[in-house]
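Here the structure is laid out as C-alpha cells; the discussion comes afterwards.
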Amino acid sequence: MSGHSSFRDLLAWQISMTLAEKAYAVSASLPASERFELGSQIRRAAVSIPSNVAEGQRRPPMVFKHYLGISLGSLAELETQFELAKRLNLAEPPDDAWECVARCQQVLYGLVRSVSARSAHR
C-alpha cells in the first residue's frame, strides 16, 4: 500500500463494489412499499462499504484500520437487512449475493490483519 497505489487496486474495494451492485438489485426487487425504507437502508449500507475502504486507503495505517472497521460494520448491517428482507418475504437475495457478503467479510478481515501488521512494524 504505497502512496502510489489506488484504492481501486484493493481486492476489498473491488469485491465490495460488486456487492453494492448486487445490493442495488435486491433493493430494486423489494415491493414498492419497502423501496424507500428498507431499500434505502440496503443501498446506504452497501455504498458505505467500498466508500470507507477508499477513504481509509488514503489515510495513515491506523486510521485506515478504523475505516475498515466501519466497512465491516456496514457489511454486518447489509447482511442483516438481506436476512430481514428474506424473513419478511419481501425479497430473496440470490445465492451469489450471500457469497459476495461472505467473501467481502473474509477479504476485509484479511486487509485489517495486513494493515495492522504494517503499522506494527513502523
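The values are calculated or read from the model by the stated rules, or taken from the named source; none is laboratory data. For clarity, every value in this text was computed on a predicted model and none was experimentally measured. Every residue, glycine as well, gets a Cβ built from its backbone with ideal geometry; the counts of neighbours run over all protein chains shown.
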Taking the stated definitions as given, is ALA28 among the aliphatic types (A, V, I, L, M), surrounded by 14 or more Cβ atoms within 10 Å (Cβ to Cβ) and out of contact with any Pro (no Cβ under 6 Å at 6 or more places or on another chain)?
no
Does ALA120 meet the test of being surrounded by fewer than 14 Cβ atoms within 10 Å (Cβ to Cβ) and over 16 Å from LEU19 (Cα atoms)?
yes
Looking at segment 43-64, is at least one residue at pLDDT 95 or above, over 17 Å from ALA12 (Cβ atoms) and under 12 Å from the mean Cα position of the chain (by Cα)?
yes
Take ARG118 and decide whether it is assigned to a helix (DSSP H, G or I), of a type in the set (D, E, K, R) and modelled with pLDDT under 95.
yes
Return only the number of the condition from (1) in a helix (DSSP H, G or I); (2) of a type outside the set (Gly, Ala, Ser); (3) at pLDDT 95 or above that PRO93 does not satisfy.
(1)
Filtered residue count, segment 31-64, keeping only those that are buried (at least 19 other Cβ atoms within 10 Å of the Cβ) and touching a Gly at 6+ places or on another chain (Cβ under 8 Å)
1
Restricting to segment 42-59, what's the tally of residues that are free of Cβ contacts under 8 Å to residues at least 24 places away in the same chain and not in a helix (DSSP H, G or I)?
1
